[in-house]
Amino acid sequence: MKTIPTLGEILQAQGVSRRGFMKYCAATASLLALPPAMVPRIANALEQARRPSVIWLSFQECTGCTESLTRSSSPTLEGLIFDSISLDYHHTLQAASGDAAEAARHAAMQENMGQYLVLVDGSIPMGNPGFSTIAGISNYDMLMETVDGAAAVVAIGSCAAFGGIPGANPNPTGAVSVQDLVKDKPIVNVPGCPPIPMVITAVLAQFLTFGQLPELDIHGRPTAFFGQTIHDRCYRRPFYEQGRFAETFDDEGARKGWCLFKLGCKGPITYNACATVKWNAGTSFPIESGHPCLGCSEPGFWDKGGFYAPLSTGKFGSGEKLAGAAVAGVALGAAAAVAGRRRQAKYTKEG
Amino acid sequence: MDLLEFARGPALQVAAYILVAGVIWRLVGIIFLKEKPEFSEPRKPGGLLAALKVIYTRSFTAHPFKRATLYPKMLAYVLHIGFFAVIFLFVPHIVFFEGFLGFDWPGLPNNVIYFAGVAAVVAGIALLVRRLTNPVLKLISNFDDYFSWFVTLLPIVTGLIMPVRMGVRYETLLAIHILSVAVLMIWLPFGKLGHTFLVFVTRGTTGMVFERRGAKT
Amino acid sequence: MNSKDPIRSAIPYRRGNVKPLLNEIIHALDRLLDDDEPTVIDLASLPFAPGELEQLEQALGRGELNAELDALGKSHIRETAYPGVWWLEHRNTAGEIVGRYIEITRTPEILMSQDADIGAGRAKLRDSFEDTGNEFNKEAAK
């Protein structure tokens, strides 16, 4: 095993002042959604922290999650965190390819056996191993081999966490999520399409800072970010309560920034931090731009009955079936009437 | 499929089929019954006007009973108007109806709806208390009365809990709410809740029969 | 607030985050004066409507002191029009905001010179002093 420097040592070597470090810790507390009172504890922990080895596996995915993460160019935070982790394998970002890349993965696994983190984006096809391979290795084999010696697994994006679009109906590749396959390791799901980059780094920061994984909700998501619905934290919520809704994308209500519930907003059943953390370095989030929430961090969000169908719309199936029920009603009614008439006739006779 | 998907999908579908079939069954069955033979000369023709008259006059209590029935009648009005407002004037519900009707109508602010819902529940509870304490009412009440009361109040209560949350996840509460509505839809055609679609049929029939017999309506 | 922009003026002032925050700041000032207890409010954790942050900044105004810190990117630390209420903005080296806070305190901790930095600075100064001293001695020896 190589000797791993602590984060304090790394920062010192880079000539970062104590003020800079304090700033970094304050931003980390913000990132982890911890109260500012926690900053001294974070500082303490971060000074002692040693950089963990990270292996990033990409399966059936669109690279949007990696794009999301790398586009969040915040050197003080993500940059430092990535300086302070050792990203030993990421086939999109690394220079090495083919056998050399796989050798790097094996080396990282052996050197950090039992301690490295595995980050996964993309779902795993179970229909046919040939649907998606890397260096001739099927996604399933690579996942199971790599996860075997991992300390924990982080499923990045809705595909890795819940199957995502490859797993959507009719699921031609038999795509499954990481948690469908990995049963004996702690798993953190960071869903979203893509996930908020800050949330990805926050999970890493948490692991780095406290050496443990964050508290999770019923879908394995960190409660710090997925603890409340978009609706609960939405600045347009007052309009929902007042009954002021945009009816179309270009009406008065839309221009005035009223609630998007009628345009299919899935905010009430979507747990994510978009309304507070926001996107593009805190610029805005979809609802702020006038588009309803698609619910991309929820399991099976592709198949929840239409992005623009309001949440309270029922699914009655086809109108023909309802008409069939009506016809059945007429038939039953007619039969009941005939029976009733017979009874009536009998009573009248007996009179 | 999670609970919400089940509630919004199959549960609501089956409930809708039963509701439609059940209501039509009962309406057709009653409308095509043979009219009772008349053993006396009709005093008046007893047409549609007579029906409409009773449909209107029976909305109010006849004078001699006014004082005796003021309290339950008031409660019943609060329950019915509150229930109507909650179902048809709450915007998410309007959106629900728009989903299969294809048109919508203006709603009320949520706070007004919450108030109407609470008023309806309070009135409902007061009516149940009366049913349980009034000896005559208690004697003539059966399972239908209590079950109908229960399935009527259940959707309002489950709906009112939603903004309060009480530590339960929203999608779970929504699923329970929709399921409670499905129960109401399934029971509606068969029990005493049938008055939803039969009330004016029965009143109208009464009006026509009474007028032919020359009774004061 | 720009009245020409309908979305920015959509949220009535009284319904948003600004008023409760101002109230929170008043209570934090009570704690600072009565119990000597500082408060930090992390603005990243609040769901601001568009334009609301600007409203808050405007409501607090600008005070006498305005400092710029250059450590891992620029930071601005300035006292608002209300003494003891500080507005802090941390940016990274790319100039993006990484943290925004309101501190209710006499002096924000980050303005203080830190012992670790003082120690490092002292060592550096001592080195350069000794170097300069040697230079001087050499000069004198000539």
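Where in region B:25-68 are there chymotrypsin sites (Phe, Trp or Tyr not before Pro) that are in a DSSP coil and have at most 13 other Cβ atoms within 10 angstrom of their Cβ? Don't skip to the answer; put the middle values down first.
On the way: sites: B:25, B:32, B:39, B:56, B:60, B:65; in loops: B:32, B:39, B:60.
Listed in order of number, the matching sites are B:39, B:60.
With a 10 Å Cβ neighbour count serving as the proxy for reagent exposure, in which order, fewest first, do A:276, A:133 appear? Before the final figure, lay out the partial values.
Details: A:276 22, A:133 15.
Final ranking by Cβ density, sparse to dense: A:133, A:276.
What lysines could a cross-link reach from residue B:36, if we take a straight Cα to Cα line under 23 Å and drop same-chain neighbours fewer than 8 places away?
Cα-Cα hits under 23 Å: A:346, A:349, B:44, B:53, B:216.
Where does each of B:142-153, B:173-184 land if you order them by average Cβ count within 10 Å, highest first? Write down the numbers at each step before the final one.
Working: B:142-153: 15.7, B:173-184: 21.0.
Going from most to least packed, we get B:173-184, B:142-153.
As an exercise, use a Förster radius of 41 Å and the Cβ-Cβ distance of residue A:63 and residue A:210 to find the FRET efficiency, rounded to the nearest 0.05.
On the way: r = 30 Å, r/R0 = 0.73.
It comes out at approximately 0.85.
How long, wide and thick is region B:42-106, going by the Cα atoms along their three principal axes, in whole angstroms, largest first?
49, 34, 14
Looking only at GluC sites (Glu not before Pro) in DSSP loops with at most 16 other Cβ atoms within 10 Å, what is the longest site-free stretch of chain A?
Looking at chain A, A:1-214 is the longest stretch - no exposed GluC sites (Glu not before Pro) with at most 16 other Cβ atoms within 10 Å.
Label points 7 Å out from Cα along the Cβ direction at residue C:94 and residue A:280: separation in nm?
1.4 nm
Residue A:50's amide H: which non-local residues (gap 5+, or another chain) put their own amide H closer than 5 Å, with H modeled 1.01 Å from N in plane and none for Pro or chain starts?
Long-range HN contacts for residue A:50: A:7.
If you take the C-alpha gyration tensor of region A:162-280, multiply each eigenvalue by 5 and take the square root, what semi-axes do you get, largest first, in whole Å? Walk me through the numbers on the way to the answer.
Details: eigenvalues 201, 78, 25 Å².
Semi-axes (√(5λ), whole Å): 32, 20, 11.
If the viscosity is 1.306 mPa s and the temperature 10 °C, what translational diffusion coefficient in µm²/s does Stokes-Einstein give for the protein assembly as shown when Rh comes from Kirkwood over Cα pairs? Present the calculation step by step, with values, prior to reporting the outcome.
On the way: Rh = 30.9 Å.
In µm²/s, the coefficient is 51.
Under the rule that a partner needs its Cβ under 4.7 Å from the first Cβ, which Cys of the protein assembly as shown have none?
For the protein assembly as shown, the answer is A:25, A:62, A:65, A:159, A:234, A:259, A:265, A:274, A:293, because their Cβ atoms have no other cysteine Cβ under 4.7 Å.
Near residue B:192, which lysines are there with a Cα under 21 Å away, not counting those fewer than 8 places off in the same chain?
Counting by Cα, and skipping residues close in sequence, residue B:192 has these lysines nearby: B:73, B:138.
Please list, in order along region B:174-181, the HN-Hα scalar couplings obtained from phi with the Karplus expression 6.51 cos²θ - 1.76 cosθ + 1.60 (θ = phi - 60°), rounded to whole Hz, x for Gly and Pro.
Karplus values, whole Hz, x for Gly and Pro: 4, 4, 5, 4, 5, 5, 5, 5.
Across the residues of A:296-302, average count of Cβ atoms on other protein chains within 10 Å? The partial results should precede the final answer.
On the way: counts 0, 0, 2, 1, 3, 0, 0.
Taking the mean over all residues of the peptide, I get 1.
What would the Debye equation give as log₁₀ I(q)/I(0) for region A:230-303 at q = 0.15, 0.25 Å⁻¹, counting only Cα atoms as equal point scatterers?
Log-scaled intensity ratios, in q order: -0.46, -1.17.
Calculated FRET efficiency, residue B:145 and residue A:185, Cβ-Cβ r, R0 56 Å, to nearest 0.05? Provide the component values of the computation, followed by the final result.
Details: r = 57 Å, r/R0 = 1.01.
So the FRET efficiency works out to roughly 0.50.
Once you have the Kirkwood Rh of chain B from its Cα pairs, apply Stokes-Einstein at 25 °C and 0.890 mPa s and quote D in µm²/s. Please list the in-between numbers first.
Working: Rh = 19.8 Å.
Approximately 124 µm²/s, per Stokes-Einstein.
Using only Cα atoms, figure out Rg for region C:30-112 and give it as a multiple of 2.2 N^0.38 Å. If you can, show how the numbers build up before the last one.
Numbers: Rg = 13.0 Å, N = 83, 2.2 N^0.38 = 11.8 Å.
Region C:30-112 yields a ratio of 1.10.
Taking only the C-alpha atoms, wrap a convex hull around chain A and report its volume per residue in Å³ as a whole number. Walk me through the numbers on the way to the answer.
On the way: hull volume 75.6 nm³, N = 351.
Once divided by residue count, the hull of chain A is 215 Å³.
Just flag the chymotrypsin sites (Phe, Trp or Tyr not before Pro) in region A:177-285 sitting in loop per DSSP whose Cβ has no more than 14 other Cβ atoms within 10 Å. Show your work: numbers first, answer last.
Details: sites: A:207, A:210, A:225, A:226, A:235, A:239, A:240, A:245, A:249, A:258, A:261, A:271, A:279; in loops: A:235, A:249, A:258.
Those that pass, being in a loop and sparsely packed, are A:249.
Could you line up B:122, C:85, A:203, B:28 from fewest to most neighbouring Cβ atoms inside 10 Å?
Details: B:122 14, C:85 23, A:203 26, B:28 19.
Starting with the residue having the fewest Cβ neighbours, the order is B:122, B:28, C:85, A:203.
Quick one: order A:291, B:93 by neighbouring beta-carbon count within 10 Å, fewest to most.
The fewest-first ordering by Cβ neighbours comes to A:291, B:93.
Which distance in nm do the two modelled labels at residue A:330 and residue C:82 give, with both placed 7 Å along the Cα-to-Cβ direction?
Here the modelled spin labels are 7.2 nm apart.
Between residue C:64 and residue A:217, with labels modelled 7 Å along Cα→Cβ, what's the label distance in nm to one decimal, could you check?
Each label point lies 7 Å from its Cα, and together they span 4.8 nm.
Find, to one decimal place in angstroms, the Kirkwood hydrodynamic radius of region A:81-219, where the mean of 1/r is taken over every pair of different Cα atoms and then inverted.
Values: mean 1/r = 0.0643 Å⁻¹.
Taking every pair of different Cα atoms in region A:81-219, averaging 1/r and inverting gives 15.6 Å.
Just so you know, all these numbers are worked out from the coordinates, no wet-lab data involved. Just so it is clear, the structure is predicted and the values come from calculations on it, not from any experiment. With ideal geometry, Cβ positions are generated from the backbone for all residues, glycine too; neighbour counts draw on all protein chains shown.
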